[in-house]
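Undergrad: Here it is, the structure in full.
What follows draws every value from the coordinates through simple rules; no lab data is involved. All figures in this text were calculated on a predicted structure; none of them were measured in a lab. Ideal geometry is used to build each Cβ from the backbone, glycine not excepted, and the neighbour counts take in all protein chains shown.
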Amino acid sequence: LASTSRREATVPSTCRDTSELVDISWDNLGFGLVPTDYMYITKCSQGGNFSKGELQRFGNIELSPSSGVLNYGQGLFEGLKAYRKQDGSILLFRPEENGLRMRMGAERMCMPSPTVDQFVEAVKMTVLANKRWVPPPGKGSLYIRPLLMGSGSVLGLAPAPEYTFLIYVSPVGNYFKEGLAPINLVVENEFQRATPGGTGAVKAIGNYASVLKAQTAAQAKGYSDVLYLDSVHKRYLEEVSSCNVFVVKDKIISTPAIKGTILPGITRKTIIDVARSQGFQVDECYITVEELLEADEVFCTGTAVVVSPVGSITYLGGDKELQSISVSLTLGTTLELACILSAANLLVCIYKLKDLT
Ligand code: COI
């Protein structure tokens, strides 16, 4: 916390003045787009490098009908958040990690990518330009959505000749309609999210389109979201449509190991570090659906969902011995970790968040 105080000394008084905030109902933020003032944009050709981009008024962009992203899904996105502290200063949560992950994804999707420094600078520029949209402390956060896409025209299947890196932001509240209340997950037994050798480990836009069918069907039956099993054995946990998953049994925390089909979540990694630093045993391993159904607690992690406790798991079968089981879960360890994670001051201390001054 000492280092936090040093940084606080450099925060200009204008950042502390929350009267600069836009006049919207901060108490009713959900997870939907609230258009803000500016977006960041830069372009480069295939094989080229991104130059320093510019801020433009937030609005629609022009894309060729034959752009790589529209025709072949050549695109990635990222998600990270900015928070306003009590003193009005604004913090970013581990932006370098997102920059790094975008580079890994770009490599997989045959796209050029901004450097990590460029990425972080661009995020800072965008957040500062929209700082009146960063919610007051405790009311939510500014969700930052970087996009990288093949914007050049292609017809035959090939990497696009031009790429666009764009960042827009939106103030957000809780992701799930349940708010902070525990969510109800159903184990998906028909559709898979990712396959070995596919793009499940990167934030390819297509990964998210392909889960919509299962997610929509589950929501229509009253579940909050879907938990996917691996596509080979249909037995091991992978992740939820929008987040990673953790299981707690006898105070031991486990989460599916990163093995090419699971998104390496930044909140996931943070929770593993936080939990270990608090003395918990955390295993990254294979977790069977049977083990899931015997868990004491289950929780999800992600930028959008932060730490979401799971209140029940439903497994509708697919296995002779396990049919239509619904388990109720407790919350102790989950809440403990969620509290630690949401303590913004502590985050600054542990993770050296970037102070936007
Ligand atoms: C995030 O948590 O930032 C994500 O990318 C998930 C998305 C489906 C909202």
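Undergrad: Looking at the chain from every direction and averaging, what is the projected area of its Cα convex hull in nm²?
TA: If you wrap the Cα atoms of the chain in a convex hull and average its projections, you get 18.1 nm².
Undergrad: Using θ = phi - 60° and the Karplus curve 6.51 cos²θ - 1.76 cosθ + 1.60, what whole-Hz ³J(HN,Hα) does each residue of the stretch 161-176 get, with Gly and Pro shown as x?
TA: These are the phi-based 3J(HN,Hα) values: x, 9, 10, 10, 10, 9, 10, 10, 9, 7, x, 9, x, 6, 6, 7 Hz.
Undergrad: Rounding to the nearest 20 debye, state how big the charge dipole of the stretch 249-316 is about its Cα centre with +1 on each Lys and Arg Cβ and -1 on each Asp and Glu Cβ.
TA: 320
Undergrad: Given the options Gly53, Asn71, Ala82, identify the residue whose Cα lies farthest towards the positive end of the charge dipole of the chain (+1 on Cβ of Lys, Arg; -1 on Cβ of Asp, Glu).
TA: Gly53
Undergrad: Right, next: Please give the net charge around Pro137, taking every other residue with its beta carbon less than 10 angstrom from that of Pro137, where Lys and Arg add +1 and Asp and Glu add -1.
TA: Cβ neighbours under 10 Å give a net charge of +2.
Undergrad: Per DSSP H run of n ≥ 4, the term is -39500 (n - 2.57); total these for the chain, divide by its residue number, and report the mean residue ellipticity at 222 nm rounded to 500 deg cm²/dmol.
TA: -7500 deg cm²/dmol
Undergrad: Follow-up. Anyone know which of Ala122, Ala304, Ala338 comes out most mobile in the 10 Å Cα GNM of the chain?
TA: Ala338
Undergrad: Follow-up. Farthest toward the dipole's positive end in the chain, which of Leu335, Leu227, Met102, given Cβ charges of +1 (Lys, Arg) and -1 (Asp, Glu) about the Cα centre?
TA: My answer, from the dipole projection, is Met102.
Undergrad: Let me ask something additional. Which is farthest toward the positive dipole end of the chain among Ile253, Phe165, Val202, measuring Cα position about the Cα centre, with Cβ charges +1 (Lys, Arg) and -1 (Asp, Glu)?
TA: Phe165
Undergrad: Further, regarding this structure: Given a cut-off of under 8 Å on Cα pairs at least six residues apart, what relative contact order in percent is computed for the chain?
TA: Result for the chain is 19 percent.
Undergrad: Only Lys, Arg, Asp and Glu count, each charged at its Cβ (+1, +1, -1, -1), so figure out the dipole size of the chain about its Cα centre, rounded to 20 debye.
TA: Dipole about the Cα centre, nearest 20: 760 debye.
Undergrad: I would also like to ask the following. Would you kindly state how much longer the chain becomes between Phe31 and Met104 on full extension, computed as 0.36 nm times their sequence separation minus their alpha carbon distance, in nm to one decimal?
TA: So the chain would gain 23.6 nm between Phe31 and Met104.
Undergrad: What's the extension gain from Cys339 to Lys251 if we count 0.36 nm per residue and subtract their Cα-Cα distance?
TA: 30.0 nm
Undergrad: Fully extended, how many nm does the chain gain between Lys177 and Ser153 (0.36 nm per residue separation, minus their Cα-Cα distance)?
TA: 4.8 nm
Undergrad: Filter Lys85/Lys177; Lys52/Lys81; Lys81/Lys203; Lys139/Lys269; Lys139/Lys213; Lys43/Lys269 down to the pairs with a C-alpha to C-alpha distance above 28 Å, please.
TA: The pairs that break the limit, which is 28 Å between Cα atoms, are Lys139/Lys213; Lys43/Lys269.
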